Amino acid sequence: MKFLSIVQLTFRESLAKKTFMAFLAISTFICLLFIFALNVDIVDGLQSGVSIFGKDLPKQFDLTKIVVGIEGGLSVLLYTAGIFLSLFATSNLISTMLKPGFVDLFLSKPVSRLQILSGRFIGSVLIVALNIFYLVIVSGLILSLKTGVWNWGFLWAAVIIVLSFTVLFALMTLLSIISKNGPLSLMVTYLVLFFSPLLLVRNQIYALLSSKYYGYFFDGLYYVLPKTAEMGAMTQNLARGLEINSWMPLWSSLLFALVMLGISAYIFQKKSY
Amino acid sequence: MVVETLELTKHYSKGKVKALDGCSLRVEKGKIFGLLGPNGAGKTTLVKTLLGIIHPTSGSARILGEPISNYRVHAHIGYLAENHRFPEFLNARQILFYYGKMSGLNTELLYKRIPELLDLVHLSKWAKTRIHKFSKGMAQRLGLAHALLNDPDLLFLDEPTDGIDPVGRKEIRDLLISLRNQGKTIFINSHQLSEVERISDEIAILKNGKVLKTGSVEEFISVKQQYQLLFTEGDTPFSEVCAELNIPLVQTDGLFTVSVESDLQLNHLIDELRQQRFILQGIVPRKISLEDYFIDVVGEEAQV
Ligand SMILES: Nc1ncnc2c1ncn2[C@@H]1O[C@H](COP(=O)(O)OP(=O)(O)O)[C@@H](O)[C@H]1O
Ligand SMILES: [Mg+2]
């Protein structure tokens, strides 16, 4: 219950920020768009016409393709802009907790430091998950009910998006605990988010390098850092109902998150405030 | 003992700053304990260390019989932090609710207790006002209500009357006395003597992280009688005589001050001095009060 109140307070704090409200508003707008813009006429159990924004599509057009296409597009949007905004909106949740005068009140409660940190972490992830699942479930439901096409991969894509956010947020948590500076932590996290896709094409970089040790260095970096590009691709594939060749990017990124959280907990435990 | 510290030490900047320097203290149950000291003496560091917010460099301490590393004991402790901050988007009632939950109190109890406490600190009218509109004094009173939420056995108050007007101060003093009479222990940090002098049962003076003196208020006020001895010839060395008679002697700016247990001892000293042909010019009695003592040890800067 004490733990829950920390989660709850984090939740309240996020909602007080306008970013999440804007996020919810945009999601709602997208859902409304689907309600009114997509029309499927069913006659005698067979589709007789499909229209998007009032424009009729050719009759033989594959409905499954439309639904999967839209959901695939949405998951790309969520994976990129969604995660970008979510990181922005949560960037000072950990660092404000550590502010003088604020942290004292948490630490003087009958809760352990591990509970405080994990409560804060889980609260932040929860609000982002809520936002993402809201859009995915509601829009998915509208599309499926209208068309009769049920694409469960879209839901799995949402799970991967939330997990990807969690991985990056774990990194941001560690940075915040070390630096007590939200914006700085956000910037470094963005750097990792945009830098790690470059490591995918490291073979092309190797050609430009003089020493093979650089190669080892980039290989190391690739395996250690979260694999944001591949998880993005994974999200897309899931949404489009394609096979996933390797889950390595996911589990190695989750491992990275666990290590980040472990170090964060250790440092938070040892620090004086 | 409700609070017990043993050689508690906290160093910053690799030992360059000694915020606490071998601090040993004991606080008995049911007492109001005033920790006095100038700004930077280490009072806040001590309280934060006792609450596990700061980890000591060395030494040990116990509160309510438990080692300070045991956070569970915080369920029975109230804390008014110096310059505390609550989330500004919440109102007074919500703050007491969330932070009360964090103390492990259930919803039912909180619904009963929060209005009582808001009433006690005269914030009922502002219960639904977001606290970013609060003045320093109102924030401080909310902090006090927050510290009392869990009906604590031990209360730590760090500069509690900061920003509060004289009438409010008197009310807080009365409140603390009534809490003490209910058997609670109250630990007050202050750099202002006038704030603790009137209500404390015990006082300790802290400076540069060291406890200079502890005792009851009476002990502080009725220190040994002190006299200044004036001699015709400037620097007359009579320290040996004092040492022989076991009389403490302090020499400042050419003034000799002796502390004696009784009039008899003073006369004994004069006899000795006369026998050794010292020429006395005068004997000036110097009453030492707690305030004198405090100013003596902490310097002028503390009396703002
Ligand atoms: N985080 C810190 N880093 C370095 N020095 C500190 C830190 N916190 C406190 N100090 C120093 O420790 C000393 C004691 O501070 P404090 O406990 O706040 O004193 P008080 O509460 O008696 O005014 C001061 O000299 C202060 O500058
Ligand atoms: Mg202080």
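The values are calculated or read from the model by the stated rules, or taken from the named source; none is laboratory data. These numbers were taken from a predicted model, which means no experiment stands behind them. Cβ placement follows ideal geometry from the backbone for every residue including glycine, while neighbour counts extend to all protein chains displayed. Surface accessibility is based on the protein's heavy atoms, side chains included, excluding ligands, DNA and RNA. Shrake-Rupley method; radii C 1.70, N 1.55, O 1.52, S 1.80 Å.
Against the list (1) within 20 Å of the chain's Cα centre (by Cα); (2) open to solvent by 10 Å² or more (accessible area, probe 1.4 Å), the condition A:THR228 fails is (2). Exactly one residue among A:VAL67, A:VAL136 is over 19 Å from the mean Cα position of the chain (by Cα) and modelled with pLDDT under 95, and that residue is A:VAL67.
Confirm whether B:LEU36 is within 16 Å of ligand 1 (Cβ to nearest atom), under 15 Å from B:LEU80 (Cα atoms) and open to solvent by less than 10 Å² (accessible area, probe 1.4 Å). Judged against the criteria, B:LEU36 is not a match.
Annotation note: Cβ proximity below 8 Å between a residue of segment B:158-174 that is among the basic types (Lys, Arg) and a residue that is open to solvent by 80 Å² or more (accessible area, probe 1.4 Å) (sequence gap 6+ or interchain) occurs for B:ARG173/B:ARG198. Restricting attention to segment B:1-18, the residues that are within 14 Å of chain A (Cβ to nearest Cβ), crowded, with 23+ Cβ neighbours inside 10 Å and not basic (Lys, Arg) add up to 1. Comparison of B:LEU149, B:LEU155, B:LEU118 shows that the only residue that is away from ligand 1 (no atom under 16 Å from the Cβ), touching a residue at least 24 places away in the same chain (Cβ under 8 Å) and under 24 Å from A:PHE3 (Cβ atoms) is B:LEU149.
From the list B:THR107, B:THR129, B:THR57, B:THR49, the lone residue that is of a type in the set (S, T, N, Q) and within 16 Å of ligand 2 (Cβ to nearest atom) is B:THR49.
Listed conditions (1) modelled with pLDDT of 95 or more; (2) within 10 Å of chain A (Cβ to nearest Cβ) are all met by B:ARG85, apart from (1). Filter segment B:39-67 down to residues that are more than 16 Å from ligand 1 (Cβ to nearest atom) and assigned to a loop (DSSP other than H, G, I, E, B) and give me whichever is nearest to the other protein chains (Cβ to nearest Cβ). The residue in question is B:LEU64.
Among the residues that make up segment B:49-56, is at least one of them out of contact with any Gly (no Cβ under 7 Å at 6 or more places or on another chain), at pLDDT 95 or above and open to solvent by 50 Å² or more (accessible area, probe 1.4 Å)? Scanning segment B:49-56, I find at least one residue that is out of contact with any Gly (no Cβ under 7 Å at 6 or more places or on another chain), at pLDDT 95 or above and open to solvent by 50 Å² or more (accessible area, probe 1.4 Å), so the answer is yes. Give segment A:95-109 a look and list any residue that's more than 7 Å from chain B (Cβ to nearest Cβ) and out of contact with any Phe, Trp or Tyr (no Cβ under 8 Å at 6 or more places or on another chain), or say none. If the condition is that a residue be more than 7 Å from chain B (Cβ to nearest Cβ) and out of contact with any Phe, Trp or Tyr (no Cβ under 8 Å at 6 or more places or on another chain), then A:SER95, A:PHE106 are the ones that fit.
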